[in-house]
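Note sheet for the following structure.
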């Protein structure tokens, strides 16, 4: 046998031997860089950390779990390519990912075609409404954010609301959802303003809202830099109309950037993860929240974010389903995910069904208030 | 009345940012006819490096100075490593090189400074100044003063100094400029150093108001470019007024019409001006001798 032939023969033996190694391959495409990098980065870190953790405990049902992770940089086209590669080349049994609504929509199209379970980490309700057989998601929807805010306004006796939204995907989608649910909840939208996420001053829009007759509260669907600038402008104008921010700003970064004084008294819907220390001892989410927070902050020395929490919950749901599934095959895993009941994650308690692939209700949101530069529970 | 004043304040605050970026475009454009699309990255670096140095414990003025000097050095490096080797290439190729440089700087900044949003304290505190029922932040005044100072310095440089005229001559005809003894390589290096320094200064002044992150440069560059085009590319007076005009149009549209149309109205105004005055409001008329 010539050396070349020997090598080829060896390769054949190797190739034949590979499938015999017991391992479960999970795919992920998140936006670890690019415009949604601040969201996708903790997601990627969380997934890598959890895989290590699970394998350290002996894998799922004794089988090693392998993660194939791609960075789609927030580009839906790349996400589509990676989803195809995950399914065809990497032969994964399930996909977690889709940091943004755009990338999620690309991945779900590919996953649905191939019959591979997909757990999305993006907010928009369109991902699971109408229900698609193989697509699930972990974050709350922006509609739930609006409902939670409006419910608190009802309790405080407000009925006339001003909306000021950013024109990016998150802001525009939540603005539309808020306008949709406002009439159902007895809210009248009396002012409706927007700003560009790159704007450096929004005092003109806020002045207009201040001059509008009868505004009792302001809602701000927006996140990131511009939401912090808006909060500063609000304080610069000396406004005192009750202010509700969105769940998109639920991180310590928002308070630090806007300045603790600027956001004093602001309310917003957020997850249990943000207020881990404040949760009551009997809270069903407390074990998951404190365990994830301790593990993540211990390993990366950066504070946990809601987005990393979404990835945590996605992986938790998937590993729980694989453990229960009749076989480590995509169809069986899908059935097991759909049968998930009362599973407490960092975002909420998940109960999926054939008609509900979101799995959360309004109790998953906690209404938070910023007091003295820290989060407090408003309820 | 207080509403109008507030809209005007909002307009000049935004306009000052645009004007500072627009002014940065003028020098490189005047020296080489190249629109440097990495100008926004210089603004980003000005803010980022200041934040970084300030976070490391340096006093704010020193941090700002370091940011300006470092960014200026980076401008020189960009000219030496990317633009000069391509000398003789058409202007369009050089512009594309600047876009490449912009992507490179952005990627590097993301690795060095992270993906988080950063800021540092305003120079004179955050207590708003009340004028006729409206408010303006002290930092906005710093920005406006900065834009005016840079304009004045540029105007004096181009019209009163031999070096400034050498820059103009280089743009006009590189070969002829060389023949009369102008060191055109030095002029190009100088123009990149000054442009980067002006950009960084803009970043230093604007960051306490606008905040900064590795990706903010493109947004600054586009709005600043629009301001520079409106006023007339290459003319400091045009850059200053163009920037402020766009800011004011946006604020007044948002205030009196609707914030939904703010960007659209500004854009339509730019299109109309360029349609009737293709050189912008203060652009130099070009006449070619045949």
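Read-outs throughout are calculated quantities, based only on the coordinates presented, and are distinct from any laboratory measurement. Just so it is clear, the structure is predicted and the values come from calculations on it, not from any experiment. Glycine also receives a Cβ, built like all others from the backbone with ideal geometry; neighbour counts cover every protein chain displayed.
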Original post:
Between the range A:172-225 and the range B:22-63, what's the alpha-carbon centroid distance in Å?
Top reply: 34 Å
Original post:
Given a Förster radius of 45 Å and the C-beta distance between residue A:256 and residue A:89 as r, what FRET efficiency does 1/(1 + (r/R0)^6) yield to the nearest 0.05?
Top reply: 0.60
Subject >> Compactness of the protein assembly as shown, expressed as Rg and Dmax over alpha-carbon positions, Å >> reply: 27.7, 95
Original post:
Share of Cα-Cα pairs in the range B:1-53 beyond 19 Å, in percent?
Top reply: 48 percent
Subject >> Estimated FRET transfer efficiency (residue B:93, residue B:279; beta-carbon r; R0 41 Å; 0.05) >> reply: 0.95
Original post:
In whole Å and largest first, what semi-axes does the C-alpha gyration tensor of chain A yield when each eigenvalue is scaled by 5 and square-rooted?
Top reply: 42, 20, 19
**OP:** Could you work out how far apart the two model spin labels at residue A:77 and residue A:354 are, taking each label as a point 7 Å from the Cα in the direction of the beta carbon, and quote it in nm?
**Re:** 4.1 nm
Original post:
Which FRET efficiency value, to the nearest 0.05, is calculated for residue A:213 and residue A:294 with the Förster distance at 51 angstrom and r the Cβ-Cβ distance?
Top reply: 0.50
Subject >> Calculated P(r) of the range A:142-270 - Cα pairs past 19 Å, % >> reply: 40 percent
Subject >> Paramagnetic reach from residue A:241 in the range A:189-208 [backbone N under 19 Å; point 7 Å along Cα→Cβ] >> reply: A:189-196, A:201-208
Original post:
Considering the alpha-carbon set of chain B alone, what are its Rg and its Dmax in angstrom?
Top reply: 18.9, 61
Subject >> Helix-derived mean residue ellipticity, 222 nm - over the protein assembly as shown, DSSP H n ≥ 4, -39500 (n - 2.57), to 500 >> reply: -18000 deg cm²/dmol
Subject >> Relative packing of peptides A:48-61, A:230-243, B:79-92, B:23-36 - highest average C-beta neighbours within 10 Å first >> reply: B:23-36, A:230-243, A:48-61, B:79-92
Original post:
So what does the Cα-only Debye profile of the range B:1-156 read at q = 0.08, 0.10, 0.11, 0.13 Å⁻¹, as log10 I(q)/I(0), no solvent term?
Top reply: -0.29, -0.45, -0.54, -0.74
**OP:** Would you mind pulling out the separation of the Cα centroids of the range B:249-275 and the range B:112-175, in Å?
**Re:** 24 Å
**OP:** Treat each spin label as a single point 7 Å out from the Cα along the C-beta direction, and report the residue B:163 to residue B:2 distance in nm.
**Re:** 4.9 nm
Original post:
How many nm is it between the label spots at residue B:237 and residue B:261, if each spot is 7 Å from the Cα in line with the beta carbon?
Top reply: 3.2 nm
**OP:** Using only atoms on other chains, find how many Cβ atoms lie within 10 Å of each Cβ of peptide A:231-237 and report the average.
**Re:** 5
